[in-house]
């Protein structure tokens, strides 16, 4: 994505995602302005998967990445079946905490998981009950809240990997 596409100068960066032992488990692809700040004019759906995948493709050749990349996706992208064909072992589709959880979305996520896609949820808060149906479908939770409360809550979901 460049300035000509949306009138915004946008840079791609990666941020490490660590395991509890501080090993790099993955990288999150980020879009920032020229000063390294969040791009306020860039909406979730503007950063399309095709742009992300093309950016990743060129970036991974340079970085020789051996860990997956998390790509933020919206429910709209998932439901509109806009996923490009890319190596599933190198990508984790990351849903945002403001995702609109519907039965249709849950069924779509189940189908994607059965096709080999790995799914993550960012910003999970146990107080937000509308996200509960996703816990039986996703593979990874990215934590941001009180860790002790969250671990106690999540002990019933044995198939989840927890990353910070």
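The values are calculated or read from the model by the stated rules, or taken from the named source; none is laboratory data. Since the structure is predicted, the reported quantities are computational estimates derived from the model, not experimental observations. As a convention, Cβ positions derive from the backbone with ideal geometry for all residues, glycine included, and neighbour counts pool all protein chains shown.
Worth a mention:
- Residue list for segment 112-128, restricted to those being at pLDDT below 90, out of contact with any helix residue (DSSP H, G or I) (no Cβ under 6 Å at 6 or more places or on another chain) and surrounded by fewer than 17 Cβ atoms within 10 Å (Cβ to Cβ): 125, 127, 128
- Segment 4-31 - residue that is part of a loop (DSSP other than H, G, I, E, B) and modelled with pLDDT under 70 and, of those, nearest to residue 160 (Cα to Cα): 10
- Residue count, segment 130-144 (criterion: farther than 18 Å from residue 73 by Cα and at pLDDT below 90): 1
- Residue in segment 98-110 that is in contact with a strand residue (DSSP E or B) (Cβ under 8 Å, 6 or more places away or on another chain), over 21 Å from residue 153 (Cα atoms), at pLDDT 90 or above and crowded, with 17+ Cβ neighbours inside 10 Å present: yes
- Subset of segment 76-97 that is more than 20 Å from residue 135 (Cα to Cα) and part of a loop (DSSP other than H, G, I, E, B) - its residue that is modelled with the highest pLDDT: 80
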